[in-house]
1. Does the stretch 53-64 contain at least one residue that is within 14 Å of the ligand (Cβ to nearest atom) and in a helix (DSSP H, G or I)?
2. What residue, among those in the stretch 19-52 that are part of a strand (DSSP E or B) and within 12 Å of the ligand (Cβ to nearest atom), is surrounded by the fewest Cβ atoms within 10 Å (Cβ to Cβ)?
3. Residue by residue through the stretch 1-34, note down the ones that are over 21 Å from residue 84 (Cβ atoms) and either of a type in the set (Lys, Arg) or out of contact with any strand residue (DSSP E or B) (no Cβ under 8 Å at 6 or more places or on another chain) (or both).
4. Look at residue 86 and say whether it is open to solvent by less than 40 Å² (accessible area, probe 1.4 Å), under 17 Å from residue 25 (Cβ atoms) and more than 14 Å from the ligand (Cβ to nearest atom).
5. Within the stretch 65-76, which residues are open to solvent by 40 Å² or more (accessible area, probe 1.4 Å), within 11 Å of the ligand (Cβ to nearest atom) and either within 19 Å of residue 98 (Cβ to Cβ) or among the polar types (S, T, N, Q) (or both)?
6. Does residue 73 satisfy the condition of being within 13 Å of the chain's Cα centre (by Cα) and not charged (D, E, K, R)?
Amino acid sequence: MGKLLEKIELGNLELKNRTIRSATWEGMCDKEGKPTERLIELYEELAQGEVGLIITGYAYVSPEGQQLPGMLGLHQDENIESLQRMVERVKAKGGVIAV
Ligand SMILES: Cc1cc2nc3c(=O)[nH]c(=O)nc-3n(C[C@H](O)[C@H](O)[C@H](O)COP(=O)(O)O)c2cc1C
């Protein structure tokens, strides 16, 4: 297995191992781009499964950047609370998540 399951520092992130879940579009956000409970549960499962770093699926930072339904929206302050909740839930399972 080599170093795959060893800790690593990536910038200011400390990852428990070197496995990364690459960005893959889930289409599980609501119309406003807020993560749904289903999506948060999926990320919790990945964290529980010992993935070192979870990269979220398809995200947009301005409304015209949304190409497909269900993308993660970082375009408005109204989404901050749900995004924070998503991160906290992943952290509670020992995971690290990045957009
Ligand atoms: C089904 C599928 C969905 C993907 N969704 C996203 C996505 O939402 N956002 C993104 O940036 N990349 C997306 N990708 C790209 C992957 O994150 C990854 O960069 C790509 O598969 C290349 O990985 P590889 O070099 O390990 O083959 C997707 C890839 C696949 C196969």
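1. Step one: filter the stretch 53-64 for residues within 14 Å of the ligand (Cβ to nearest atom), giving 53-61.
Pick out the ones that are also in a helix (DSSP H, G or I) and you get none.
No, the stretch 53-64 contains no residue that is within 14 Å of the ligand (Cβ to nearest atom) and in a helix (DSSP H, G or I).
2. Narrowing the stretch 19-52 to residues part of a strand (DSSP E or B): 20-21, 29, 35.
Narrowing the set further to residues that are within 12 Å of the ligand (Cβ to nearest atom) leaves 20-21, 29.
On the way: 20: 15, 21: 19, 29: 25.
Out of the qualifying residues, it is 20.
3. Our first condition is that a residue be over 21 Å from residue 84 (Cβ atoms); within the stretch 1-34, this holds for 1-10, 16-20, 22, 24-25, 27.
1, 2, 3, 4, 5, 6, 7, 16, 18, 24, 25, 27 - these are the residues of the stretch 1-34 that are over 21 Å from residue 84 (Cβ atoms) and either of a type in the set (Lys, Arg) or out of contact with any strand residue (DSSP E or B) (no Cβ under 8 Å at 6 or more places or on another chain) (or both).
4. On the way: open to solvent by less than 40 Å² (accessible area, probe 1.4 Å): yes; under 17 Å from residue 25 (Cβ atoms): yes; more than 14 Å from the ligand (Cβ to nearest atom): yes.
Considered against the rule, which asks whether it is open to solvent by less than 40 Å² (accessible area, probe 1.4 Å), under 17 Å from residue 25 (Cβ atoms) and more than 14 Å from the ligand (Cβ to nearest atom), residue 86 comes out as yes.
5. First pass over the stretch 65-76, keeping only residues open to solvent by 40 Å² or more (accessible area, probe 1.4 Å): 66-69, 74-76.
Still in the running and within 11 Å of the ligand (Cβ to nearest atom): 67-68.
Result: 67, single match.
6. Working: within 13 Å of the chain's Cα centre (by Cα): yes; not charged (D, E, K, R): yes.
So residue 73 passes the test.
The values are calculated or read from the model by the stated rules, or taken from the named source; none is laboratory data. This one's a predicted model, so the numbers in the text were calculated from it and none came from an experiment. With ideal geometry, Cβ positions are generated from the backbone for all residues, glycine too; neighbour counts draw on all protein chains shown. For accessibility, only protein heavy atoms count, side chains too; no ligands or nucleic acids. Shrake-Rupley method; radii C 1.70, N 1.55, O 1.52, S 1.80 Å.
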